[in-house]
Amino acid sequence: MTTLDTSRAYDVEAVRADFPILRQMHHENVPLVYLDNAATSQKPNCVIEAMDRYYREYNANVHRGIHKLSEEATTEYEAARLKVRKFINAGSKREILFTRGTTESINLVAQTWGRANLKAGDVVVSSVMEHHSNIVPWQILAAEKGFTVRYVPVLPDGTLDLDHLYNLLAKEPIKLVTLMQVSNVLGVVNPVEEVIKKAHEAGALVLIDGAQSVPHMTVDVQAMDVDFFAFSGHKMLGPTGSGVLYGKRALLEAMPPWMGGGDMISSVKLSGSTWNDLPYKFEAGTPAIAEAIGLGYAVDYLNQVGLDNIHAHERDIISYALERLKEVPGLTVYGPTGENKGAVAAFMVQGIHAHDVAQLLDSEGIAVRAGHHCAMPLHEHLGVSATARASFYLYNTHAEVDALIAALHKARKTFKL
Ligand code: PMP
């Protein structure tokens with residue numbers, strides 16, 4: 001599946017060899033330096049080939065046909081579910097729901113559990129640092145149901161104000177705490193285990209947005225004792241359109257379905273219908289079959305390289321990047337800088353708008369993102385309308401960080417700073 005010799009120390013060049021896009025020239029003669037991994041990751045050969053194989057060799061719908069192709073597609077689709085179950089250590093494959101991504105997973109919880117359980121007088125707690133996908137679904141439902149959404153503030157060092165959260169838990173009728181594990185802007189790693197424990201002691205359930213954690217660190221949903229856990233396949237080497245909602249079985253069993261249609265029913269009569277068992281109750285219609293299979297192969301690849309190795313490599317790269325970014329005059333990095341930071345550096349260069357920074361970097365072959373990164377309330381809190389963001393993954397190198405720094409110096413010169 002890979003050329004990687006896993007018995008050797010981390011071999012970033014061998015990892016890179018598995019990603020065909022990284023061999024590409026970005027502009028005519030500038031090699032691609034891909035530093036936009038928090039937006040989406042690149043895909044290794046094994047994922048691309050697995051999806052290609054599905055379409056070339058056994059394309060068929062799942063769970064329906066009696067024919068060989070359908071059986072093969074079903075076997076591979078369900079094998080992917082088992083791989084994901086093991087990857088996050090869920091207790092049962094029935095607790096792994098395939099979705100289109102983190103956004104859909106959170107909306108699913110809001111529209112099923114939320115719709116059935118939240119009413120006027122209840123409180124849902126989110127935070128100022130959340131991605132819009134963990135703010136807007138709750139606002140939409142709150143407008144209909146009349147419950148309150150409160151937001152935990154962010155401290156000046158870019159960490160969550162935990163005292164504020166624990167005070168809320170002591171005083172208010174909180175039904176759900178919904179937080180990200182790792183911020184896509186600040187890079188901060190939130191102490192979710194501690195938060196989950198305190199929330200449970202106060203009688204609240206917890207949803208964790210793992211979009212930026214699952215690709216980069218070992219996650220064990222049982223050890224965490226989390227109630228709902230959402231993540232996206234495309235940020236962890238898998239295809240777009242693949243994602244997961246983990247939920248504790250008892251909660252999922254009690255939740256009404258969301259979308260109605262094929263596969264999610266046990267029987268349909270004109271007088272009413274009954275629902276299929278988990279996880280199918282929440283997977284109405286033809287699912288993203290190739291995408292789920294691709295995600296399964298991404299999990300295989302991450303396991304083969306080893307999440308601990310990936311995490312150690314990323315720590316090395318982000319530490320090096322943070323050191324070198326200090327050399328650029330007028331550059332501010334947001335969020336913490338210690339061990340509690342993932343491989344994300346959102347920054348601003350005084351005198352240059354973030355979009356101009358991104359455009360100038362692009363002309364040097366360096367792909368970063370600029371904007372509010374779907375975190376407008378956080379940017380309002382930081383007092384900036386936009387930041388540029390370099391985000392790293394298992395295939396990034398020190399030389400690419402050097403290229404970033406050189407391009408930033410060049411950008412300052414272009415702006416005569
Ligand atoms: N949460 C976080 C922390 C994210 O970084 C993202 C993607 N930027 C999302 C949620 C939404 O993920 P998706 O667009 O894959 O649904």
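The values are calculated or read from the model by the stated rules, or taken from the named source; none is laboratory data. It should be emphasised that the depicted structure is a prediction, and the values quoted were computed from it without experimental measurement. Here Cβ is always computed from backbone atoms with ideal geometry, including for glycine, and neighbour counts include all displayed protein chains. Quick note on the areas: whole protein, heavy atoms, side chains included, nothing else; ligands and nucleic acids left out. Shrake-Rupley method; radii C 1.70, N 1.55, O 1.52, S 1.80 Å.
Debye-formula intensities of the range 306-414, expressed as log10 I(q)/I(0) at q = 0.13 Å⁻¹, are -0.46 (one equal scatterer per alpha-carbon, no solvent).
Residues whose amide H falls under 5 Å from that of Ser127, counting only those 5 or more places apart or on a different chain, are Val152, with hydrogens built in the peptide plane. Dipole magnitude for the range 134-177: about 220 debye, using +1 per Lys or Arg Cβ and -1 per Asp or Glu Cβ, origin at the Cα centre. Accessible surface for the range 306-414, divided over its residues, is 39 Å² per residue with a 1.4 Å probe. Taking Rh as the Kirkwood radius computed over C-alpha pairs, what is the Stokes-Einstein D of the chain at 25 °C in a medium of viscosity 0.890 mPa s, expressed in µm² per second? Result for D is 109 µm²/s. In the chain, taking the dipole from charged Cβ atoms about the Cα centre, the farthest positive-side position among Ala170, Phe147, Leu302 is held by Phe147. Of the solvent-accessible surface of the chain, computed with a 1.4 Å probe over protein heavy atoms with every protein chain present, carbon and sulfur atoms account for 53 percent.
Assuming charge only on the beta carbon of Lys and Arg (+1) and of Asp and Glu (-1), the dipole of the range 306-414 about its Cα centre is about 280 debye to the nearest 20.
Set the Cα radius of gyration of the range 36-125 against 2.2 N^0.38 Å, with N its number of residues, and you get 1.45. Each distinct pair of alpha carbons in the range 132-261 adds a 1/r term; the inverse of their mean, the Kirkwood radius, is 15.9 Å. Whole-Hz Karplus values for the range 395-402 come out as 9, 7, 10, 4, 4, 6, 5, 4 Hz, taken residue by residue from phi with 6.51 cos²θ - 1.76 cosθ + 1.60 and θ = phi - 60°; glycine and proline positions read x. Each semi-axis of the equivalent ellipsoid for the range 210-302 is √(5λ) with λ an eigenvalue of the Cα gyration tensor; in descending order they amount to 28, 17, 9 Å.
Put simply, the Cα atoms of the range 173-214 extend 30, 16, 15 Å along their principal axes, the longest span coming first.
Note that the range 96-112 has calculated 3J(HN,Hα) couplings of 9, 9, 7, 10, 7, x, 4, 4, 5, 4, 5, 4, 4, 5, 4, 7, 10 Hz, one per residue in order, obtained from phi through the Karplus relation 6.51 cos²θ - 1.76 cosθ + 1.60 (θ = phi - 60°); glycine and proline are x. Counting only residues at least eight positions apart within a chain, or on another chain, the lysines with an alpha carbon under 25 Å from that of Lys119 are Lys145, Lys171, Lys175, Lys197, Lys198, Lys248, Lys281.
Once the 1.4 Å probe is applied to the protein heavy atoms, the range 49-303 comes out at 39 Å² accessible per residue.
Here's the picture: charge each Lys and Arg Cβ at +1 and each Asp and Glu Cβ at -1 in the range 306-414, and of Ala390, Ala354, His373 the one pushed furthest to the positive end of that dipole is Ala354.
The convex hull built on the alpha-carbon positions of the range 215-265 has an orientation-averaged projected area of 4.8 nm². Charging the Cβ of each Asp and Glu at -1 and of each Lys and Arg at +1, and nothing else, the dipole of the chain about its Cα centre rounds to 700 debye.
Think of it as helices only: each DSSP H run of n ≥ 4 in the chain is worth -39500 (n - 2.57), and spread over all residues that comes to -11500 deg cm²/dmol at 222 nm. Each of Met264, Thr332, Leu408 was scored by the projection of its Cα onto the charge dipole of the chain, and the greatest displacement toward the positive side belongs to Met264; charges sit on the C-beta of Lys, Arg, Asp and Glu. By the Cα gyration tensor, the range 86-165 has an equivalent ellipsoid whose semi-axes, rounded to whole angstrom, run 24, 20, 12 from largest to smallest.
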